[in-house]
1. Take ALA106 and LEU129, extend 7 Å from each Cα along the Cα→Cβ direction, and tell me the distance between the two endpoints in nm.
2. Put one equal scatterer on each alpha carbon of region 124-218, apply the Debye formula with no solvent term, and list log10 I(q)/I(0) at q = 0.13, 0.14 1/Å to two decimals.
3. With a 10 Å radius around each residue's Cβ, average the other Cβ atoms per peptide and rank 267-275, 202-210, highest first.
4. Can you tell me the dipole magnitude for region 178-238 around its Cα centre, using point charges on the Cβ only (Lys, Arg +1; Asp, Glu -1), in Debye to the nearest 20?
5. Would you mind telling me the antiparallel percentage of the DSSP bridges in region 39-189, rounded to 5?
6. Measure out, as a whole number of angstrom, how far apart the alpha-carbon centroids of region 56-111 and region 157-215 sit.
7. Does region 198-297 come out rounded, prolate or oblate, given a ≥ b ≥ c as the square roots of the eigenvalues of its C-alpha gyration tensor, rounded meaning a/c under 1.5 and, failing that, prolate meaning a/b above b/c?
8. Check THR132: other-chain or 5+ apart residues with amide H under 5 Å from its amide H, H built from backbone geometry?
Amino acid sequence: MGSEKRGRIVLLTRILAAVLVLLLAAATAGCTGTDRQQDERIVVAVTIPPEQEFVERVGGENVRVVLLVPAGADPHTYEPPPGVIADVAEADVYAVVGSGIEFELAWKDKIASLNPDMLVVDCSRGIDLISTGEDGHAGTDPHIWLSPKNAKIMVEKIREGLAAADPEHADEYDRNAAAYQAELDALDAEIAGALAGAGVKKVMVYHSSWAYLARDYGFEEVTIESEGKEPSPQRLEHLITQAKDEGIRVIFASPEHSTRSAEVIAREIGGTVVLVSPLEKEYLENMRRVAAAFAESSQ
């Protein structure tokens, strides 16, 4: 009897061991399948949140996006942590804004050197850049994405880059890009109608972010800061006088920058400060909000 009992125990132990092996094999296969699915997506690095939307709308389920400058950070001054740099070193594509944004001037070559096989896509190619500064400080306004017309060009460059890196899904990228560009066309018409209908002529902003939007829709951007620096007392006085003379009642600032000078001007003119961000990921919705805020400021 004791021998039979021991035999049953041995048999049961072997059965349990076999079941455990099968379960582990199934779990491992499942993980491997997931990893393989993850690996099949191409990894695309982008600098700012609006580009993340562009890439995700064009790439769909075929891409994984690595965002280098997170929401709320200032791409003029941000420095990425080591973990982000290590992640982007594995990227297949880096879609740079390409228009002179400070983060890219400081980090683009370093990032590219980590992965010589990475395709670098310049999203500014084909865009008429706005010159800024004078003499030795001359440069270009980097905020090209804040114009639906420019966004269409950026989306096209992203489409070309994804198709080059992943030709198997090129037709899908073509369809996705065309659909998103149609939405950008609709946004363009909507903004044009809103700003023209409100008669927007001048918008006073703390940081010069909206020059491309102003160029597209025929209004003037009046900036408070100068070359990234707080205004002098003399400039503040001039801006206060200008706002009073021209009936400006709303001063626009952004969550990524100081609002102190904007609040000083608003207080002196009996106006208000309204926050609008140039860096929201939800590009279409954000641009509608900005256009509506600009239009309401002129009424």
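Values in this text are rule-based calculations from the coordinates and carry no lab data. None of the values given here were measured: they were computed from a predicted structure. Positions of Cβ are generated from backbone atoms using ideal geometry, with glycine treated the same way; all protein chains shown enter the neighbour counts.
1. About 1.9 nm separates the two model spin labels.
2. Listed by q, the Debye log ratios stand at -0.57, -0.65.
3. Peptide ranking by packing, descending: 202-210, 267-275.
4. Working: 5 positive and 11 negative charges, 50 e Å.
I would put it at about 240 debye.
5. Working: 2 of 14 bridges.
Beta bridges within region 39-189, antiparallel portion: roughly 15 percent.
6. Value for the Cα centre distance between the two parts: 20 Å.
7. Numbers: a/c = 1.71, a/b = 1.37, b/c = 1.24.
The shape class here is prolate.
8. When sequence neighbours closer than 5 places are left aside, the close amide H contacts are GLY139, THR140, ASP141.
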